[in-house]
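The values are calculated or read from the model by the stated rules, or taken from the named source; none is laboratory data. The shown structure was predicted, so the numbers you read here are calculated from the model rather than taken from an experiment. A quick note on method: Cβ atoms are made from the backbone with ideal geometry, for glycine too, and the neighbour counts reach across all protein chains shown. What goes into the accessible areas is simple: the full protein's heavy atoms, side chains included, and nothing from ligands, DNA or RNA. Shrake-Rupley method; radii C 1.70, N 1.55, O 1.52, S 1.80 Å.
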Amino acid sequence: MAEYINVEKPFLDKLRQLGWQVIDQGIGVPQDPAKSLREHFKQVLLPQIFKDTIKSINKTADDREWLTDRQLDDLLTEIQSFSGKTLHEANKEIHRLLIKGTTVNKNELTGEVNPTVRLVDFKNYEKNSFIAINQFRLLTPGASRQGIIPDIVLFLNGLPLVVVEAKDFDVAEPLSEAFLQITRYANTREDDYGVKEGEERLFHYNLFSIITHGNEARVGTISADFDFYNNWVDIFPEEYKTVAFPPDEERQEVMICGMLNKEILVDILKHYTLFMEIKKGVEVKIVARYNQYRAVGKIIRNLREGTNPKEKGGVVWHTQGSGKSLTMVFLIRKLRSSDDLKDLKIISIVDRVDLEEQLADTLKYANESLSIIDSKTDLNLLDDDTGNLNLVMIHKFLQITMFRLSR
């Protein structure tokens, strides 16, 4: 009861203020799956919400819905067909589908063959469905327990994008207890027996999970150990700020406003999430930290609002290990999907060979071909107006400048 009153309900109330549809089932074990928009307690997504939303966000040029009931059933089957894959594999593949979309055989209205179907509307984020359900009961046949009940699950277009585990603030080590609960739900808790404890299908669609006790809240992906669950310290853009800074006693509210705002959540999904190999054979899922999200946002704002080179430019100060290379990747992704900035030429300048190699390896996650400036003969890569991505060491850049001056 105390957990619901002190943490869970305020979380739901804030989501409601942000325009989410909130289904508050109170406390206790839910008995009617229909209240959580499902046919039974084994379903991890909201099937009718998925079909209704996907149909509504895919229209012809003259604003007609074109997906048939059969095609929508096939899409629902496709988005659930990941049995036999690991959690990481399924999560990565579904993330690709959310970003790129999928196809069906034909648009029956226009005759187009193999048309793309969007699973998320990134251009008009308000057209997506945003639903929060608390006490989301799931039956888990064959597991050590008959079922699990995550405190809050957040659905984007019927897909469980975020899992929230809340603990009352008077619980001993509430965040570590909440993290342990998340790992149990996802079947990622390490033990000596390999016993199934939860339902990892719930996390096939997971963008990130949140652990909270109200005054403190942290966020992490399916790959994150407890030490890599981080605070979301600030709210950007500033117009979404409703909490006085520094918000030391309101971390939960800062995280909700800073990450679960509809526009920001869709933005994080598309531009600030990637799967990265951290060492040979080991790939993890990464979501941007707040400082990376804010830095990219301010760079974009300067480029759009600046009236001269000084106003358009700026300096982003990073500490060691704060993720400056990934900030560059997130920036490039954001630029390339912005109609007014997508044609900019990007030049990354480094001052050491090891940094050139490191950055070249990281920039591949920008999903763009990288041109490395090796000598004066590569000047043509910088002379034209092509909106490409380039990497150059500073002394080579100076050589290029001297060469140009001598001509």
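Using a probe of 1.4 angstrom and keeping all protein chains present, the accessible surface of the range 27-128 works out to 55 square angstrom per residue.
Residue ranking by accessible heavy-atom surface, 1.4 Å probe, largest first, among 276, 1, 393 comes out as 1, 276, 393.
Rolling a 1.4 Å probe across all protein chains gives residue 311 an accessible area of roughly 90 Å². Simple rule: put +1 on each Lys or Arg Cβ and -1 on each Asp or Glu Cβ in the range 152-202, find the dipole, and look at 185, 172, 161; the Cα lying farthest toward the positive end is 161. For residue 336, the accessible surface of its heavy atoms amounts to roughly 60 Å² (probe 1.4 Å, protein chains only, rounded to the nearest 10). Exposure check, 1.4 Å probe, all protein chains in place: residue 202 carries approximately 0 Å² of accessible surface. Helical runs (DSSP H, four residues minimum) scored at -39500 (n - 2.57) apiece and divided by the length of the chain put the mean residue ellipticity at 222 nm at -10000 deg cm²/dmol. Ranking 19, 388, 282 by how far each Cα lies toward the positive end of the dipole of the chain (charges on Cβ) leaves 388 at the top.
Each Lys and Arg contributes +1 and each Asp and Glu -1, all at the Cβ; summed about the Cα centre of the range 265-382, the dipole is approximately 460 debye.
Can you pull the semi-axes for the range 192-323, root of five times each eigenvalue of the Cα gyration tensor, sorted largest first, whole Å?
For the range 192-323, the semi-axes come out at 30, 19, 14 Å.
Where the only charges are on Cβ atoms (+1 Lys, Arg; -1 Asp, Glu), what is the dipole of the range 1-100 about its Cα centre, to the nearest 20 debye? Display every interim value, and only then the final one.
Numbers: 15 positive and 16 negative charges, 43 e Å.
My answer is approximately 200 debye.
Values (i) 65, 61, 51; (ii) 80, 59, 45; (iii) 76, 52, 39 are given for comparison; Cα extents along the principal axes in Å, derived from the coordinates here, is the one labelled (ii).
Rounded to the nearest 20 debye, the dipole magnitude of the range 96-187 is 460 debye, with +1 charges on Lys and Arg beta carbons, -1 on Asp and Glu beta carbons, and the Cα centre as origin.
Nonpolar atom fraction for the range 204-306, defined as the carbon and sulfur part of the 1.4 Å probe accessible area, stands at 46 percent.
Which of the peptides 324-330, 167-173 is most tightly packed, and how do the rest follow, judged by the mean count of other Cβ atoms within 10 Å per residue? Could the numbers behind the result be given before it?
Working: 324-330: 21.1, 167-173: 14.0.
So the peptides 324-330, 167-173, ranked by packing, come out 324-330, 167-173.
Sorting 339, 378 by accessible area (1.4 Å probe), largest first, what list results? Before the final figure, lay out the partial values.
Numbers: 339 110, 378 35 Å².
The ordering from most to least exposed comes out as 339, 378.
Note on the range 222-370: lysine pairs with Cα distance below 13 Å, sequence gap of 8 or more or different chains, count 5.
Please identify every one of the GluC sites (Glu not before Pro) in the range 1-75 that sits in a loop by DSSP and has no more than 11 other beta carbons within 10 Å of its own beta carbon.
39
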